[in-house]
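Novice: Okay, here's the structure, questions in a sec.
The values are calculated or read from the model by the stated rules, or taken from the named source; none is laboratory data. Everything numeric in this text was worked out from a predicted model, so none of it was measured. Quick reminder, even Gly has a Cβ in these numbers, built from the backbone with ideal geometry, and neighbours come from all protein chains shown. The area values use the complete protein model at the heavy-atom level, side chains included, leaving out ligands, DNA and RNA. Shrake-Rupley method; radii C 1.70, N 1.55, O 1.52, S 1.80 Å.
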Number of protein chains: 2
Amino acid sequence: MIDRAALAAFSAVIRAGSFDGAAALLGVTQSAVSQRIRGLEENLGTALILRTRPAAPTDAGRRLMVHAEALGLLERDLLRDLGLPAPDAPLRIAVTADCLATWVIPALAAVEGVLFDLVVDDQDHSADLLRAGEVAGAITASDRPVPGCDALPLGHLRYIAFAAPDFVARHFPDGVTLEALAHAPALTFNRKDRLQKAWAEMATGARVILPTHYIGSTHAITEAGLAGMGWGVNPETLVAPLIASGRLVDLNPHVRVETPLSWQVARRVAPALAAVTRVLQRAAPRTR
Amino acid sequence: MIDRAALAAFSAVIRAGSFDGAAALLGVTQSAVSQRIRGLEENLGTALILRTRPAAPTDAGRRLMVHAEALGLLERDLLRDLGLPAPDAPLRIAVTADCLATWVIPALAAVEGVLFDLVVDDQDHSADLLRAGEVAGAITASDRPVPGCDALPLGHLRYIAFAAPDFVARHFPDGVTLEALAHAPALTFNRKDRLQKAWAEMATGARVILPTHYIGSTHAITEAGLAGMGWGVNPETLVAPLIASGRLVDLNPHVRVETPLSWQVARRVAPALAAVTRVLQRAAPRTR
């Protein structure tokens, strides 16, 4: 059994970033906070907090954070049903950068009384985070279920290849040919991002190797396209208005890349996350 | 001495993500690529490439990438001066998420013939990346110079605290008081982001602990503000138009947070980066 007051002290240290901040947050003395954390660490037989500035969780501490979140959610539901005020503890969720840049924020804004801790998954490591218990759920660009998780389909995210009109005139005067693609700089998120390559292979029917910038941000890829740095592939909802207004050109209206999305939630916390699951299922893009 | 053909093979494997891709890129056989990489690894006495899919550099390999980039830039300048066509090799630079979301892309778009590899530094680790030689330069939210680097000031990035009109009516009916801040959810980038806290302490004159969402993206913080999830602190250029149009409210026009920016460039590659240094100095925000 984990002492509830000790767990609250632990959460408060992580939230405040320091032992004295946690004491202020809880309205107790700093030595009371230290004592509770020490007791918890002895009880669990492992260090939970690195005494850095700001204080940071150890690996075991991160696992305990998820436990504290799940417990917090269950208690919040209970308190709400009993008409009592709810405590604050953020809920850690992994999100792909493209989903975060498009439909996720308006969806989560509909959940009342929950603080979110969004981990941008730009390295395809949601499965690792879920398996390690570092996040309670993940919006992934894959429909492969992670062991121990429920995977609910959220439709598909549809992508358009685009570039600025000047860039098209300069690099694609004869259309998007294999030869043009070998020299026109592409805009890629990072080394794990294969969307540009997938689009180029669909458009030309051949394997291609693209000279590319790595941009590291979905919005910055749109900006770089507008500034004429290269051609890119971004979610339809981000670039369609810019194509409609003539600031960007759709490189080939017949070629779209689609990635399946799913909401993966650790089975042990699924009931506590029902409200979040509902808003995500309602707001998700359903292109098919 | 490092064999130039072997270095080109190494860069091509990293770029293409595979040995056969590198072979296609260079127009040689796959066994020629393997042989060159093996020779380079024996020569340097260390593994350079992890044989994963995609192929990834080891720590030593990442260090060699920066060497290859610096060499590539010097050769590019030489070739340009001799009127010869330039090769492709991305230049690795660290950038803060807020700078990437505001002024950096239009600036870099003015540099012709260079491919950029932007590493979003959302964890304050630019100094480590520079010291380890993993990036050639970094745009940092600090004016503390990193050993071995030239630090050039780029002015200050100015921040505004904002929220949606409905959020203000609900959470700040009597203004941004200490008591209101203790309950109104804030929007924070990640656990290292102290901007909201700094702003709140300037606005109230007291130490505060804020209940907060962690959002992980500069643009998503603006979106979350618009959706009424919380109040946030974002660069002026991103939120000022939304304040002017009435979609967001400036929480206190008398309180602004400013962070000093600098361009830190490893001294050994500084001459090769002169063109990039020039565009950054020209485009940087100079609020003072």
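Novice: If you check A:Ala182, A:Ala220, A:Ala244, which single one turns out to be surrounded by fewer than 16 Cβ atoms within 10 Å (Cβ to Cβ), of a type in the set (A, V, I, L, M) and free of Cβ contacts under 8 Å to residues at least 12 places away in the same chain?
Specialist: On the way: A:Ala182 fails: free of Cβ contacts under 8 Å to residues at least 12 places away in the same chain; A:Ala220 fails: surrounded by fewer than 16 Cβ atoms within 10 Å (Cβ to Cβ).
That would be A:Ala244, the only listed residue that is surrounded by fewer than 16 Cβ atoms within 10 Å (Cβ to Cβ), of a type in the set (A, V, I, L, M) and free of Cβ contacts under 8 Å to residues at least 12 places away in the same chain.
Novice: Output the residues belonging to segment A:105-121 that are open to solvent by less than 20 Å² (accessible area, probe 1.4 Å), free of Cβ contacts under 8 Å to residues at least 60 places away in the same chain and in contact with a strand residue (DSSP E or B) (Cβ under 7 Å, 6 or more places away or on another chain).
Specialist: Passing the criteria: A:Leu115, A:Phe116, A:Asp117, A:Leu118, A:Asp121.
Novice: Related question: Here are the criteria: (1) of a type outside the set (Gly, Ala, Ser); (2) open to solvent by less than 40 Å² (accessible area, probe 1.4 Å); (3) modelled with pLDDT of 95 or more. Tell me which single one A:Val208 does not satisfy.
Specialist: For A:Val208, the failing item is (3).
Novice: If you don't mind, there's one more thing I want to ask. For segment B:10-48, give me each residue that is surrounded by 15 or more Cβ atoms within 10 Å (Cβ to Cβ), within 14 Å of chain A (Cβ to nearest Cβ) and of a type in the set (Gly, Ala, Ser).
Specialist: B:Ser11, B:Ala12, B:Ala16, B:Gly17, B:Ser18, B:Gly21, B:Ala22, B:Ala23, B:Ala24
Novice: Tell me, yes or no, whether segment A:234-249 has at least one residue that is more than 14 Å from chain B (Cβ to nearest Cβ), within 30 Å of A:Gln264 (Cα to Cα) and among the small types (Gly, Ala, Ser).
Specialist: Checked segment A:234-249: at least one residue is more than 14 Å from chain B (Cβ to nearest Cβ), within 30 Å of A:Gln264 (Cα to Cα) and among the small types (Gly, Ala, Ser).
Novice: For segment A:122-136, enumerate the residues that are modelled with pLDDT under 80 and open to solvent by 40 Å² or more (accessible area, probe 1.4 Å).
Specialist: Hits for segment A:122-136 are A:Asp122, A:Gln123, A:Asp124, A:Ala132.
Novice: Being away from every other protein chain (no Cβ under 14 Å), part of a strand (DSSP E or B), open to solvent by 10 Å² or more (accessible area, probe 1.4 Å) and under 19 Å from A:Leu100 (Cα atoms): is that true of A:Pro260 here? Steps first, answer last, please.
Specialist: Details: away from every other protein chain (no Cβ under 14 Å): yes; part of a strand (DSSP E or B): yes; open to solvent by 10 Å² or more (accessible area, probe 1.4 Å): yes; under 19 Å from A:Leu100 (Cα atoms): yes.
It is true that A:Pro260 is away from every other protein chain (no Cβ under 14 Å), part of a strand (DSSP E or B), open to solvent by 10 Å² or more (accessible area, probe 1.4 Å) and under 19 Å from A:Leu100 (Cα atoms).
Novice: Another question, if that's okay. Tell me the residue from B:Gly228, B:Gly175 that is open to solvent by 10 Å² or more (accessible area, probe 1.4 Å), within 14 Å of chain A (Cβ to nearest Cβ) and either closer than 23 Å to B:His254 by Cβ or at pLDDT 95 or above (or both), please. First the steps, then the outcome.
Specialist: Details: B:Gly175 fails: within 14 Å of chain A (Cβ to nearest Cβ).
Criteria check complete, one pass: B:Gly228.
Novice: Taking strands (runs of 3 or more DSSP E) that fall entirely within segment A:122-213, which contain at least 1 residues that are touching an Asp or Glu at 6+ places or on another chain (Cβ under 8 Å) and under 21 Å from A:Cys99 (Cα atoms)?
Specialist: Values: elements: A:137-140, A:149-163, A:186-188.
Fully inside segment A:122-213 and qualifying: A:137-140, A:149-163.
Novice: Tally the residues that are without any contact (Cβ under 8 Å) to a residue 40 or more places away in the chain and within 18 Å of A:Val119 (Cα to Cα), restricting the search to segment A:134-159. Steps first, please.
Specialist: Kept after step one, since they are without any contact (Cβ under 8 Å) to a residue 40 or more places away in the chain, are these residues of segment A:134-159: A:144, A:147.
Then keep just the ones that are within 18 Å of A:Val119 (Cα to Cα); that gives none.
Of the residues in that region, 0 qualify.
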